[in-house]
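Visitor: Attaching a single structure in structure tokens format; questions to follow.
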Amino acid sequence: MKIVRVKVSNILEVLGSQVISIDGNAENVYIDNLADVANVSVTTLDWVNPSKTDKQMLAENTKAKVVLVDDKVNYTESMKTNGKVLIHVREPKIALCIIGNTLFVQKRRPGTHSSATVSPNAKIGKGVFIGPHCVIENCIIGKNCMIDSNVHIYDDVTIGDNCVIKSGAVIGSEGFGFERDENGNRFRFPQIGNVLIGNNVEIGANTCVDRGALSTTTIGDYTKINNLCHIAHNNVIGKNVVIAAEVNVAGGNVIEDNVWIAPSSSLRGYLTIGKEATVGMGAVVVKNIPAGEIWVGNPAKKLH
Amino acid sequence: MKIVRVKVSNILEVLGSQVISIDGNAENVYIDNLADVANVSVTTLDWVNPSKTDKQMLAENTKAKVVLVDDKVNYTESMKTNGKVLIHVREPKIALCIIGNTLFVQKRRPGTHSSATVSPNAKIGKGVFIGPHCVIENCIIGKNCMIDSNVHIYDDVTIGDNCVIKSGAVIGSEGFGFERDENGNRFRFPQIGNVLIGNNVEIGANTCVDRGALSTTTIGDYTKINNLCHIAHNNVIGKNVVIAAEVNVAGGNVIEDNVWIAPSSSLRGYLTIGKEATVGMGAVVVKNIPAGEIWVGNPAKKLH
Amino acid sequence: MKIVRVKVSNILEVLGSQVISIDGNAENVYIDNLADVANVSVTTLDWVNPSKTDKQMLAENTKAKVVLVDDKVNYTESMKTNGKVLIHVREPKIALCIIGNTLFVQKRRPGTHSSATVSPNAKIGKGVFIGPHCVIENCIIGKNCMIDSNVHIYDDVTIGDNCVIKSGAVIGSEGFGFERDENGNRFRFPQIGNVLIGNNVEIGANTCVDRGALSTTTIGDYTKINNLCHIAHNNVIGKNVVIAAEVNVAGGNVIEDNVWIAPSSSLRGYLTIGKEATVGMGAVVVKNIPAGEIWVGNPAKKLH
């Protein structure tokens with residue numbers, strides 16, 4: 001966490017139109033950390049979940065001086081006595097995220113680390129960070145991407161804007177497809193396709209995304225993939241899909257928008273997972289999943 | 001994909017004895033890509049699966065000018081009118097692979113990248129590529145191997161000819177074996193064995209192969225291991241075994257020739273998986289599997 | 001394995017108080033390897049398991065000249081004739097480990113490899129090895145740690161003494177937590193917590209340990225984590241816990257001391273796994289596990 005001392009005026013400025021109103025005397029009040037409930041101190045920026053029935057009490061009792069609340073929490077006499085500041089916002093948790101991401105997250109300065117190996121043919125957008133020991137081949141990377149350390153991005157990979165590729169990820173390596181020769185020995189089916197990644201995508205640490213065999217492996221905008229996943233050749237993954245850690249997606253599936261794939265599950269190849277469907281933790285999916293359904297188990301079945 | 005313009009005469013040369021005969025006027029006809037069925041263009045090298053009952057029609061209807069077919073597909077008047085060229089071959093898909101692998105796959109030029117760290121004691125064969133940021137210790141690597149980026153190969157590892165070790169793979173690190181001292185705290189059982197990898201083996205990206213504890217972890221010729229697998233100490237893996245992505249092979253198993261291990265499955269240690277057996281996707285294997293059987297589920301049982 | 005020729009006097013010196021007594025003429029006798037039972041030679045240091053009923057016969061029959069045994073194995077006339085040396089010790093297997101770890105394991109010399117990228121703000125203890133292509137940010141690393149190649153340790157990570165972090169491990173990267181903005185698009189919940197790792201901990205190759213979101217991801221003393229595991233944000237893992245390969249621990253769990261987690265299992269977030277509990281191979285854990293219980297299956301249930 002970046003160590004910063006933030007005035008309430010600063011918070012209001014960053015939150016902009018999120019803010020509805022403010023109660024209390026904000027002068028000389030500052031915050032210098034975010035924390036979970038067990039570690040809230042007087043200088044934590046705290047927040048109260050609007051769905052809690054005891055939200056008034058929570059706002060009253062927190063040690064924090066500055067609290068993000070909705071417009072139903074009242075500013076009381078005791079809050080005043082204690083010098084509290086209530087910032088009423090439309091969505092307290094979102095507001096907390098905005099403050100955290102803007103003021104407390106350490107950001108990499110754009111630029112390419114001297115130890116990275118970058119092809120002169122790579123097309124790299126403005127504001128991109130490329131970390132130590134990366135290998136960037138003849139690919140296209142959009143604006144404001146964060147490519148962490150030890151990442152390898154191969155030829156024919158296209159990545160959109162605002163993407164995060166975490167340490168050790170391997171994007172665009174050859175897929176796992178083999179034929180047998182006349183002696184029965186396996187040799188590689190040519191893996192000469194490409195990878196197309198949209199905007200605002202995250203690829204987790206040590207995750208592998210293989211290129212298409214003869215076509216394209218696609219990952220849509222805002223899709224988030226966690227650590228240690230395997231995305232095989234020719235998958236077509238939609239927008240706002242969440243793929244949790246250690247998920248294994250074999251080749252050629254279609255995963256539609258807003259699908260949620262829980263940790264450690266695996267998908268057989270050439271399936272369709274319909275929009276908004278959920279794949280449960282550890283599910284072993286061997287059939288198509290219709291839109292909106294939840295499937296769990298080994299083999300995975302619809303959850304009733 | 002390498003961008004190349006290939007004449008039919010070139011194709012025939014590369015295919016050699018695969019070719020049975022050729023129909024049509026090949027002059028001025030060229031191909032410049034391979035593609036899946038949805039993306040075939042006039043300059044795609046297309047192929048028709050000999051087992052299809054409508055193969056004559058498929059050869060007739062493809063947009064491609066040059067088509068790999070078996071000897072049962074006939075050259076028709078309309079093909080002639082359209083300027084098509086049929087190349088009759090023994091195995092159309094194999095022929096396609098040969099063309100792809102020979103003419104369209106980007107090959108690394110042999111040599112060691114300047115950023116790799118290579119022990120002066122390593123014995124490295126001719127035609128080997130060692131990629132950026134690799135760590136190559138006192139090991140033996142055969143001819144024509146492709147060691148991609150960020151790979152670590154430890155002391156006492158022997159790798160045969162024509163192997164591919166993909167990015168981030170870790171070959172020969174210490175296995176996971178512990179004893180408890182008199183206070184009950186765990187400390188390492190010495191892991192001082194080695195790793196022996198045959199010819200034409202592939203090890204996937206970010207896959208880990210541990211050295212034997214006191215003996216040898218062995219991987220046989222033509223065995224192909226996909227990304228993110230864990231191969232623990234003392235495994236003895238035969239020839240032409242396929243291990244799909246995210247498979248976990250605990251210590252000391254014997255996996256015989258031609259076994260197929262599907263994605264995300266796990267094998268308890270000290271088992272024997274008999275020749276030609278199949279381990280299903282996500283299977284949790286806690287018993288020996290007899291030769292030729294298919295086992296699936298958690299815990300894995302024979303599929304009837 | 002380090003090639004060394006070790007005299008019996010040397011062995012006795014290293015074992016110290018483990019030794020009860022010695023039989024046979026140790027002059028001119030040496031060992032130069034450890035081996036599994038199939039590969040024992042005349043110069044192997046062999047050992048006999050005290051719990052075996054035929055231990056006298058095993059000690060008699062081994063090809064090895066020098067044998068670690070308990071105090072119940074007798075030195076016989078034929079042993080004398082064969083020039084054998086029996087070293088009676090309290091725990092033969094522990095004694096073997098001590099010899100292996102002291103004399104046969106190749107140790108890295110302390111120091112930082114020239115290709116590593118180390119923050120000037122990092123606090124690194126004495127006797128630490130930092131391998132090639134590591135990225136060490138503003139963190140604290142205790143004494144005598146072994147940080148293997150291609151490891152990335154982020155800001156705000158604290159690692160105790162005598163830890164081993166294996167190749168490709170990623171310690172302290174941002175966790176996987178997202179909110180949706182008003183358009184329904186996901187964006188990151190700030191991940192600004194830290195990681196606290198105790199003494200004598202091992203983290204496997206290509207394993208990922210995420211920092212806390214707003215608090216701390218904790219790993220206790222003597223805990224051993226194998227390759228390719230995912231330890232998400234905010235986990236609190238106790239002492240002497242064993243986490244086998246490819247295990248997926250989602251966010252916010254409490255894993256108490258001496259828990260054993262078998263390979264390829266996964267834990268849903270925000271669970272408590274009680275002291276000494278065992279999670280079976282491939283188990284998909286979605287409920288709390290009481291202390292001492294064994295749970296297996298998908299979903300995991302108590303084993304009866």
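No value in this document is a laboratory result; all are computed from the given coordinates. Being a predicted model, the structure only gives us computed values, none of them experimental. All Cβ positions, even for glycine, are placed from backbone atoms using ideal geometry, and neighbour counts span all protein chains on display.
Visitor: Which peptide among B:198-211, C:88-101, A:9-22 comes first, and what is the full order, when sorted by highest mean count of other Cβ atoms within 10 Å?
Guide: B:198-211, C:88-101, A:9-22
Visitor: Taking the Cα centre of the stretch A:6-104 as the origin, how large is its charge dipole in debye, to the nearest 20, when only Lys and Arg (+1) and Asp and Glu (-1) carry charge on their Cβ atoms?
Guide: Values: 10 positive and 12 negative charges, 12 e Å.
Here the stretch A:6-104 has a charge dipole of around 60 debye.
Visitor: Mind checking the log10 I(q)/I(0) for the stretch B:120-255 at q = 0.14, 0.16, 0.22 Å⁻¹? Debye, one equal scatterer per Cα, no solvent, two decimals.
Guide: Cα-only, vacuum Debye calculation for the stretch B:120-255: -0.56, -0.73, -1.32.
Visitor: For the stretch C:6-104, what is the convex hull (Cα atoms) projected area averaged across all directions, in square nanometres?
Guide: 5.4 nm²
Visitor: Taking every DSSP beta bridge with both residues inside chain C, roughly what % is antiparallel (nearest 5)?
Guide: Working: 11 of 72 bridges.
Here the share of antiparallel DSSP bridges comes out near 15 percent.
Visitor: How much length is gained on full extension from A:Phe178 to A:Met57, taking 0.36 nm per residue of separation minus their Cα-Cα distance?
Guide: Full extension from A:Phe178 to A:Met57 adds 37.2 nm.
Visitor: What lysines could a cross-link reach from B:Lys275, if we take a straight Cα to Cα line under 27 Å and drop same-chain neighbours fewer than 8 places away?
Guide: Within the straight-line limit of under 27 Å, B:Lys275 reaches these lysines: B:Lys93, B:Lys166, B:Lys224, B:Lys239, B:Lys287, B:Lys301, B:Lys302.
Visitor: Evaluate the charge dipole of the protein assembly as shown about its Cα centre and quote only its size in Debye, nearest 20, assuming +1 on the Cβ of each Lys and Arg and -1 on the Cβ of each Asp and Glu.
Guide: Result for the protein assembly as shown is approximately 300 debye, rounded to the nearest 20.
Visitor: What Kirkwood radius, in Å to one decimal, follows from the Cα pairs of chain A?
Guide: Numbers: mean 1/r = 0.0458 Å⁻¹.
Its Kirkwood hydrodynamic radius stands at 21.8 Å.
Visitor: Same structure again: Mind checking which of B:Ile147, B:Gly111, B:Gly100 is farthest towards the positive end of the stretch B:47-202's charge dipole, using Cβ charges of +1 (Lys, Arg) and -1 (Asp, Glu) about the Cα centre?
Guide: Farthest along the dipole direction, towards plus: B:Gly100.
Visitor: Let me ask something additional. For labels at C:Val42 and B:Asn10 in the simple 7 Å Cα→Cβ model, what's the distance in nm?
Guide: If labels sit at C:Val42 and B:Asn10, their model points lie 6.5 nm apart.
Visitor: In peptide C:291-298, how many Cβ atoms from other protein chains are near each Cβ within 10 Å, on average?
Guide: Numbers: counts 0, 0, 0, 0, 0, 4, 5, 15.
That works out to 3 on average.
Visitor: For the protein assembly as shown, just list the percent of Cα-Cα distances falling in each 20 Å bin from zero outward, please.
Guide: 14, 43, 31, 11, 1
Visitor: To the nearest whole number, what is the average tally of beta carbon atoms from other chains within 10 Å of the beta carbons of peptide A:174-182?
Guide: Across the residues of A:174-182, the mean count of other-chain Cβ atoms within 10 Å is 5.
Visitor: Here's something else I'd like to know. Let me have the 222 nm mean residue ellipticity of chain C computed from DSSP H runs of 4+ only, each contributing -39500 (n - 2.57), with the sum over all residues rounded to the nearest 500.
Guide: Values: 4 runs with 28 residues, N = 304.
One gets -2500 deg cm²/dmol as the mean residue ellipticity at 222 nm.
Visitor: Have a look at B:Ser51, B:Ile294, B:Ser265 and report the one farthest towards the positive end of the charge dipole of chain B, computed about the Cα centre with Cβ charges (Lys/Arg +1, Asp/Glu -1).
Guide: Looking along the dipole axis, the top candidate is B:Ser51.
Visitor: At a 10 Å Cβ-Cβ cut-off, how would you order B:Met79, C:Met281, fewest neighbours first?
Guide: B:Met79, C:Met281
Visitor: With the dipole of chain A worked out from charges on the C-beta (+1 for Lys and Arg, -1 for Asp and Glu) around the Cα centre, which of A:Ile11, A:Asn227, A:Ser173 lies farthest toward the positive end?
Guide: Most positive-ward Cα: A:Ile11.
Visitor: Quick check for me: using +1 on Lys/Arg Cβ and -1 on Asp/Glu Cβ, what's the dipole size of chain C about its Cα centre, in debye to the nearest 20?
Guide: Values: 30 positive and 29 negative charges, 67 e Å.
It comes to approximately 320 debye.
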